[in-house]
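For reference, the structure discussed in these notes is given below.
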Amino acid sequence: MTSERRDTVLFVAVPAPLGGSNRALAALLAAIDTQVRRVLASPAEGDFLEFVNEKGLIEEHLPLPHGSRLKRIAAAAGIARWVFQHRRRMLAIHANASRGLNLSIAAGFLTGVPITVWVHDPVASPAGKRLGPFLRLFLRRVQWFAVSDTARRVVVGNGLCRTEEVEIVPNPVDPATVLGQRRTHSKQIVIGYLGAGRDRKGFDLLPDIIEALADMPLEWRLFTKRLDSPYATPIWNRLDSITAAHIKIPGPDSDVRRIYEQCDIVLVPSREESFSLVTAEAMLNGIPVVASNLDPLRDLLSSDTSEGAGLLFPTGDTGLAAAAIRRLAEDPELRARMGEEGRRRANAFRSDRVAARLLESYGYSAS
């Protein structure tokens, strides 16, 4: 009697929105295609699940309860039960970010199915630092990957592994789903913001930056969801009150090609990032980026041998952020040079290269 072929990878992903780590996972699933059987464990509703179903990126979905601690325990138990039932066909469990790992530990420990952990976290959590050394006792067969040095420091700082045990594998960028048409020349420069309306994305910096550039013929397009919250509402009110600048709020679009087709410059004023998929996607499209001087953004954009792929400003400094945008807006040749440098660098993030390395970690063999 022949044994079943090991061809299945269970991808564990939370939360439900189509955010950075889940967009990276969607690009990975697309690049893997049918080389392995792709089973997704994720919340039963949300933009991410809707997207992967629409694109046909998975062969099966395991719905997970999501929210309270009891629901998270139930989700981990459901994953362990599913893995136990299918263990003879499984290559690996792919835990997407630390939350995916938390739900996968029991399954890996009980069945011995190896776990590939892909860390996207920008900062360590107090709970992670307390639980990391304890959880490490249950992680028998684990391969560690991180999207940047910043993310690697998080997992090491949580006591889950040593620095030399973590390989850097960046977030993937899929040209088929990211690369838009070149924007035709216009006298009005369009500045795009794609971050969420959150403090860690520097959303509160937008009004001051926009007001500082009100004398220029710029158009601001905010591709973000308008949320009503104690943090976001006052900022939206300020943006609504700015009449000296041309501001449009088209909102998010799951087809990011349509977003990048509209932008001449992309603004990333984040306070925290582990990689910044938005920056990498803008680079692939040949769009210069103005970004906070965080380690991951500096690694993506700056260069010792050329002008780089964008301009950096001290985190939180709206005056210097505005000055960087002004410099790029007034210099089309600089925009073109930085755009070309970004496109060249973005080849390192192409999804086929990332998928090949992660397939190897699952133990996949084409033969």
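The values are calculated or read from the model by the stated rules, or taken from the named source; none is laboratory data. Everything numeric in this text was worked out from a predicted model, so none of it was measured. Please note: Cβ atoms are built from the backbone with ideal geometry, for glycine as well, and neighbour counts cover all protein chains shown. In case anyone asks, the SASA skips ligands and DNA or RNA and just uses the protein heavy atoms, side chains included. Shrake-Rupley method; radii C 1.70, N 1.55, O 1.52, S 1.80 Å.
Below is a table of values for the structure above.
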quantity: Order by protection proxy (mean Cβ within 10 Å, highest first), peptides 281-291, 248-258; calculated: 281-291, 248-258
quantity: The chain, accessible surface, carbon-and-sulfur percent (1.4 angstrom probe); calculated: 50 percent
quantity: Structure-derived Rg/Rh (Cα atoms, Kirkwood Rh) - corresponding label in (1) 0.99; (2) 1.24; (3) 0.96; calculated: (1)
quantity: Three-way shape call for region 154-277 based on the alpha-carbon gyration tensor, with the a/c threshold at 1.5; calculated: oblate
quantity: Pairwise label distance in nanometres, Ser254 with Ile242, each label 7 Å out on the Cα-Cβ vector; calculated: 3.0 nm
quantity: For region 328-349 versus region 179-227, the gap between their alpha-carbon centres in whole angstrom; calculated: 18 Å
quantity: Spatially proximal lysines relative to Lys225 (Cα-Cα < 25 Å; intrachain offsets below 8 disregarded); calculated: Lys55, Lys201, Lys248
